[in-house]
Amino acid sequence: MEQFPQKSKLILARKRKGFEVKDNFVVYTPTSDDLVVAHKRSCQLGVLPNSFTQGVGRMAGYLGEIAVHKYLKRSKYVGDSVFTHDLEYKKRKIEVKSKSCATPPKPHYSASVNCKKQFMPDNDAYFFTRVRKDFMIVWIVGWLPTTKLLKKATYKNRGETDTDGFVYKTSGLHIDIEDLQSATLFQ
């Protein structure tokens, strides 16, 4: 694959409508159409039993998918028909994971994949986003190839506490945002 200097990647990200690069994150401002699409997709699935966000997480998840889909020009959304990944881009299967938040993300915050301990994903890469609780900003905080995520991430059980006192609400893989690749470097 041809490599571009990081500066060129940042310029490319800035030229995409609705996107800007800030603090090494790609920041997207959803349109009203994006909000409508995310809401429709969210309503189609409803609220999962035992959902601690009461369905709000689905809306954030769909907005994250929409942001990454628009960021990766010519990617194809398959999340409504395939259950192993959300997007296909240059023959790669991409899964998008999102968290809702009240403040801009920090490098030491965690990116997560909720899963069981013996987890064998069928995709090529994970993109991680943070979605502001009012749905007005999506931060694409980074990505990793699935193989690297499985090697670098730490598995945490539900109820475990991290060094800052954060209690994990679900079991899964966790990695600091600063350990992800910048979305500006994805090809």
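All but one of (1) more than 24 Å from Gly18 (Cβ to Cβ); (2) within 13 Å of the chain's Cα centre (by Cα) hold for Asp179; state the number of the condition that does not hold.
Every listed condition holds for Asp179 apart from (2).
What is the number of the single condition among (1) modelled with pLDDT of 90 or more; (2) assigned to a helix (DSSP H, G or I); (3) surrounded by 12 or more Cβ atoms within 10 Å (Cβ to Cβ) that Lys40 does not meet?
With (1) modelled with pLDDT of 90 or more; (2) assigned to a helix (DSSP H, G or I); (3) surrounded by 12 or more Cβ atoms within 10 Å (Cβ to Cβ) applied to Lys40, the lone miss is (3).
Tally time: how many residues in the range 73-110 are among the hydrophobic types (A, V, I, L, M, F, W, C), under 18 Å from Lys148 (Cβ atoms) and at pLDDT below 95?
0
When you scan the range 146-187, how many residues do you find that are of a type in the set (Gly, Ala, Ser) and closer than 15 Å to Ser98 by Cα?
Summing the residues that are of a type in the set (Gly, Ala, Ser) and closer than 15 Å to Ser98 by Cα in the range 146-187 gives 2.
Could you pull out the residue among Val167, Val141, Val96 that is under 28 Å from Arg16 (Cα atoms) and without any contact (Cβ under 8 Å) to a residue 40 or more places away in the chain?
Val96
Can you name the number of the only condition in (1) in contact (Cβ under 8 Å) with a residue 40 or more places away in the chain; (2) hydroxyl-bearing (Ser, Thr, Tyr); (3) closer than 19 Å to Val21 by Cα that Thr103 fails?
The number of the failed condition is (1).
Only one residue in His108, His85 is assigned to a loop (DSSP other than H, G, I, E, B), in contact (Cβ under 8 Å) with a residue 60 or more places away in the chain and touching a strand residue (DSSP E or B) at 6+ places or on another chain (Cβ under 7 Å), so which one is that? Give the derivation first.
Values: His85 fails: in contact (Cβ under 8 Å) with a residue 60 or more places away in the chain.
Unique residue meeting the criteria: His108.
The values are calculated or read from the model by the stated rules, or taken from the named source; none is laboratory data. Quantities reported herein were computed from a predicted structural model and do not represent experimental measurements. All Cβ positions, glycine included, derive from the backbone under ideal geometry; neighbour counts span all protein chains shown.
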